[in-house]
Amino acid sequence: MVLIVDDIKANIIALKKTLELHNIDVDTAESGEEALKKILKTNYCLIIMDVQMPGLDGFEVVKILSGNKRTKDIPVIFLSALNIEKKYIFKGYETGAVEYITKPVDTDLLMLKVKTFIKIYEQQNELKGIKDLLSKEIKIRKEAQDNLEIKIAERTKELVLKNEELELKNHELQQFAWVVSHDLNEPIRKIQIFIKIIKDLYLTADAKGVDYVNRTIKSAERMQTLITDLLAYSRLSAQVKPEVTDLNIVLQEVLSDFDYLIERKNAIVKTTELPTIDSIPSQLRQVFQNLIGNALKFSGADEPPIIEITSELIVDKSFDSPTSPEGKYCRIIVKDNGIGFDEIYLDRIFVIFQSLNDRQTYEGTGIGLAIAKKIIEKHNGLITAKSEVGKGASFIIVLPLKYE
């Protein structure tokens, strides 16, 4: 709304009609005092004010408005027929007016200026609205962030306590596993010793008795192996610091352990150069022991085992990653020509106590590959296998060169 202030009613009526013809809302005041009262109660986008008025003149009214925080930014256009000298025009601008127009007024020019100031007022209001919305949004987001930070802090504290509790339980579980292992192994050893004594002293002439004893000894050995494997599986939860590891040395130690079995089965083992990586060597030795041990164990009956261990540097952590001499990961493949397995059972072979083969023909606890998988995952790596029944198996391992 525009406020017209003039002590001459005829001037007000003429100007008011001109503005209303352009669909502009108009309010009027016939003195400076009346104008001030209205301005304090109503928000105006523009004031058109006559300079020369009895009582408070236009200069004095604008000076009062400029001293008030709420009204100081209302634009004022001075209209004057008498005070047209430069000193009055300068005074008008000095008091805070945005325009000083002398009479007779060019209505087209006046309307252009009025519309411009109304447009500026609307844009300022729009910007103010956007600013208020942004302020509210910032306040809401800050409150949400503060609440989130409080919740995160509470959750972090809760997780730290849970982690400490789990570490304590894990430590207790490891101690329990060691104690149980020792307590179970001791009577098994005695059973094996006494059964062998009975066999040698009292059953040499009884073929059926010897067969029963041999079966008993085999069962005790399987129980002992199972206890050892379970202990190894539980031990993987312990925190061990990684070290720089030459995998060629680790592999040669494993092959040395299998010397007798390799010779007995006429196995052929082919190896390529393996990388040096950050790892826990004792754990990776266990992985190679399980994979090579399985390759020897599950060999075909018609031909000697052939085991190939190859390695290459790759770009990223995936089974199908391209090779690169600058790669930060290595892909190790342990391939054999044994009995293989159907790939529909791939998910099962890495699960503890799962075995796809006849346990009477192939001895084992069903823990070895579960241990291998857990070790590789502890090293932030991947493991999988490819196979066909009767056509061997390939175990594929992806490991980072640097421990992450």
- Message: Just to verify a result, which residue in the range 16-75, among those that are assigned to a loop (DSSP other than H, G, I, E, B) and among the acidic types (Asp, Glu), is farthest from residue 100 (Cα to Cα)?
- Response: 25
- Query: So which of 137, 158, 172 ends up being modelled with pLDDT of 85 or more and more than 25 Å from the chain's Cα centre (by Cα)?
  - Reply: 137
- Message: I'd like to verify a number: residues in the range 287-307 that are more than 15 Å from residue 340 (Cα to Cα) and not in a helix (DSSP H, G or I), how many?
- Response: 0
- Note on the structure: Scanning the range 37-56 for residues that are buried (at least 19 other Cβ atoms within 10 Å of the Cβ) and without any contact (Cβ under 8 Å) to a residue 40 or more places away in the chain gives 39
- What number of residues within the range 356-378 satisfy the criterion of being at pLDDT 90 or above and part of a loop (DSSP other than H, G, I, E, B)? 0
- Query: What number of residues in the range 321-342 are in a loop (DSSP other than H, G, I, E, B) and touching a Gly at 6+ places or on another chain (Cβ under 9 Å)?
  - Reply: 5
- Looking at 219, 237, which is the one that is within 48 Å of the chain's Cα centre (by Cα) and either modelled with pLDDT of 80 or more or of a type in the set (Gly, Ala, Ser) (or both)? 237
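Residue by residue, here is whether (1) surrounded by 14 or more Cβ atoms within 10 Å (Cβ to Cβ); (2) touching a strand residue (DSSP E or B) at 6+ places or on another chain (Cβ under 6 Å); (3) at pLDDT below 75 holds:
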| position | (1), (2), (3) |
| --- | --- |
| 59 | yes, no, no |
| 70 | no, no, no |
| 82 | no, no, yes |
| 87 | no, no, yes |
| 90 | no, no, yes |
| 99 | yes, yes, yes |
| 104 | no, no, no |
| 110 | yes, no, no |
- Would you mention how many residues in the range 308-320 are touching a Pro at 6+ places or on another chain (Cβ under 8 Å) and outside any loop (DSSP other than H, G, I, E, B)? 3
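The values are calculated or read from the model by the stated rules, or taken from the named source; none is laboratory data. Computed from a prediction, not measured in an experiment: that's the story for all the values here. For neighbour counting, all protein chains shown are included, and Cβ atoms are generated from backbone atoms with ideal geometry for every residue, glycine included.
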